[in-house]
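Presented below is the structure to which this report refers.
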Amino acid sequence: GKMSALALPEPQILEKLRSVPVFTITDAQGAPLVASVPKQGQGQTGNASVAGIFISQKDAQAFVDQLKTRNPQLAATVRVMPVSLGEIYQITQANKGKPEEVQFAFVPAPQQVQSAKTVLQQTGQQVNEFNGVPLFLARGGAENGYLTIQRGQQEVIPLFFNKEDLQGMVDRFKQQQPNVTATIKIEVVNLESVLEALRTENDPFLTQMILIPSRESLEFVRSLQPAGAGQNPQVSPAPARPAPAPAPARPAR
């Protein structure tokens with residue numbers, strides 16, 4: 001088989017992921033709440049320790065609220081804690097294959113899963129379910145390029161956790177360039193495959209793409225920060241535009 005060059009060194013991967021807040025349930029000692037589940041895969045025996053990582057703080061809190069009914073004693077000791085997606089990635093890589101490894105299972109927001117299924121159905125696919133955490137991006141223009149935004153000195157391809165946030169960007173773009181309105185299409189991929197690709201594939205698209213958390217997540221994290229503390233970066237209000245993409249999953253030149 002061929003050897004594939006790493007798309008990005010780990011420090012650059014972590015830089016892309018560190019500004020994305022996700023949410024876990026922790027016990028009184030601050031350790032993630034884990035469930036023991038049967039191991040998946042052929043020839044696997046025994047149980048694995050799995051911790052849920054929620055994309056939405058509201059979904060994580062709803063889980064704790066349900067726990068209050070099922071196990072009030074445990075629920076009294078747990079809380080929802082924000083953690084960087086970069087930290088989750090780092091822990092996953094460091095603990096892979098170790099006997100005491102805790103696996104992380106991402107829990108997507110149900111509304112965004114439904115949006116992902118709708119996007120796929122609109123392209124003619126027969127979709128009963130969507131596996132993983134959906135990420136939404138858009139393409140358009142004469143060369144069907146990815147819509148980009150300006151971030152500092154760079155043009156980047158934004159992948160949104162929230163379809164409504166992407167739709168807002170698309171709507172602004174359509175106002176700016178109505179002549180290409182009919183060409184704009186929303187696509188969906190999943191977070192898990194993007195994380196794996198960052199680690200294993202050599203594709204310029206991965207260098208150019210950034211992840212855009214939901215406004216809900218960013219606002220919750222900001223509400224926990226003292227006045228004047230550092231803020232997570234936001235999407236710049238620069239106009240979106242399609243970048244030429246000669247082949248699928250390839251960015252602009």
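Things to note:
- So GLY152, is it out of contact with any His (no Cβ under 7 Å at 6 or more places or on another chain), crowded, with 18+ Cβ neighbours inside 10 Å, over 21 Å from ALA197 (Cβ atoms) and modelled with pLDDT under 90: no
- Qualifying residue in the range 199-209 (condition: within 18 Å of LEU85 (Cβ to Cβ) and buried (at least 19 other Cβ atoms within 10 Å of the Cβ)): yes
- Inspection of the range 15-27 identifies at least one residue that is outside the structural domain of ARG139 (by TED's automatic domain parsing), outside any loop (DSSP other than H, G, I, E, B) and exposed (fewer than 15 other Cβ atoms within 10 Å of the Cβ).
- Of the residues making up the range 165-213, those that are farther than 23 Å from GLN114 by Cα and among the β-branched types (Val, Ile, Thr) are VAL180, THR181, THR183, THR200, THR207.
- Complete set of residues in the range 131-144 that are within 16 Å of PHE160 (Cα to Cα) and either among the polar types (S, T, N, Q) or over 13 Å from the mean Cα position of the chain (by Cα) (or both): ALA138, ARG139
- Meets criteria (at pLDDT below 90 and in the same structural domain as GLY140 (by TED's automatic domain parsing)) for GLN208: no
- Residues being surrounded by 11 or more Cβ atoms within 10 Å (Cβ to Cβ) and over 24 Å from ILE210 (Cβ atoms) - total across the range 94-104: 4
- ILE91 crowded, with 17+ Cβ neighbours inside 10 Å, hydrophobic (A, V, I, L, M, F, W, C) and closer than 25 Å to PRO21 by Cβ: no
- All of (1) more than 22 Å from THR77 (Cα to Cα); (2) at pLDDT 85 or above hold for VAL34 with one exception: (1).
The values are calculated or read from the model by the stated rules, or taken from the named source; none is laboratory data. No experiment lies behind these values; they were computed from the predicted model shown. FYI the Cβ positions are ideal-geometry reconstructions off the backbone, even for glycines, and counts take in every protein chain you see.
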